[in-house]
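Asker: My questions will all concern the structure given below.
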Amino acid sequence: MPLYDITDKKAVRKALRRDIYRNLHFKDEVVYSVRKDGLVEGHALCYVMDGVTFHVGPKGNQRVRDEQRKNVHAVVRGHVINAVWHYADMYHDAFELGWAKDAAKSMADIEMCGVPVSRNTNYHEDDTRAWEPMYKWIEVVYNPYKYRTFMTRDTNPFRSMEDVYEPIFTARKVVIYSENGKSKVMAMIPLLTQN
């Protein structure tokens, strides 16, 4: 990776920006392709991004609906924070692949262990109400046969008995990994507080 002048924030952001999408060629496991400037840079088991936007190509979405066959038309775009990479030779070493999967799960757990908080000055700092979370983690799903954009899935039973789906276009931070052999995308989104 070339050296960049850190005072040129636009160049640094561009250098760290990546597109992530689920690679459908890996049938037995969940692997994500990492693309930079249109070229696949590598494959990852887990990926953490900051300053994220969710993009769906409308023509690709319509082609999936018409042909009933998946293609790459939806990506999660953001800036690199961390990754657990997947290498082709891992298939020859079960220990190394198992270690990488464990590392990916651990990294996802660590990244999602907390959220930034704000200080509510109406309460004394020892009061638990004085420290309010500014963000929450929520699952993001995309099904091209049902939706035209990425959706959040809120499974809070106090909000509704059924899962609530709402469109999402941006997130502060995203963790992309697999859980129980299925792809999982978790996004940190702002909490809407009522004052």
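Each value in this text was obtained by applying a stated rule to the coordinates, not by laboratory testing. Treat the numbers as computed from the prediction; the structure is a model and nothing was measured. Cβ placement follows ideal geometry from the backbone for every residue including glycine, while neighbour counts extend to all protein chains displayed.
Asker: For the stretch 113-172, which GluC sites (Glu not before Pro) are in a loop by DSSP, counting at most 16 other Cβ atoms within 10 Å?
Answerer: Listed in order of number, the matching sites are Glu125, Glu162.
Asker: Which loop trypsin sites (Lys or Arg not before Pro) in the stretch 15-124, with loop taken from DSSP, have no more than 15 other Cβ atoms within 10 angstrom of their Cβ?
Answerer: Lys27, Arg69, Lys70
Asker: OK, next. State, to one decimal in nm, how far the label point of Tyr145 lies from the label point of Ser106, with both points 7 Å from Cα in the Cβ direction.
Answerer: Using points 7 Å along Cα→Cβ, the separation is 3.8 nm.
Asker: Sequence gap at least 6, Cα distance under 8 Å: using those rules, report the relative contact order of the stretch 1-65 to the nearest whole percent.
Answerer: Once normalised by length, the contact order is 17 percent.
Asker: Before anything else, pin down the relative contact order of the chain: Cα pairs under 8 Å, at least 6 apart, normalised by residue count, whole percent.
Answerer: For the chain, the relative contact order is 21 percent.
Asker: Also, I was wondering about something else. Report the local net charge at Val40: Lys and Arg +1, Asp and Glu -1, summed over other residues whose C-beta lies under 11 Å from its C-beta.
Answerer: 0
Asker: Treat each spin label as a single point 7 Å out from the Cα along the C-beta direction, and report the Lys184 to Asp127 distance in nm.
Answerer: 3.6
Asker: So what does log10 I(q)/I(0) come out to for the stretch 9-190 at q = 0.11, 0.17 Å⁻¹, using the Debye formula with one equal point on every Cα and no solvent?
Answerer: -0.55, -1.18
Asker: Taking 0.36 nm per residue of separation and subtracting the Cα-Cα distance, what length does fully extending Val12 through Ala94 add?
Answerer: 25.8 nm
Asker: May I have the pair-distance distribution P(r) for the stretch 99-195, computed from all Cα-Cα distances with 5 Å bins from 0 and rounded to whole percent?
Answerer: 2, 11, 17, 19, 19, 14, 10, 5, 2, 1, 0
Asker: Please list, by residue number, every one of the chymotrypsin sites (Phe, Trp or Tyr not before Pro) in the stretch 117-168 that is coil in DSSP and has at most 14 other beta-carbon atoms within 10 Å.
Answerer: Of the chymotrypsin sites (Phe, Trp or Tyr not before Pro), the ones in loops of the stretch 117-168 whose Cβ has at most 14 other Cβ atoms within 10 Å are Tyr123, Tyr145, Phe158.
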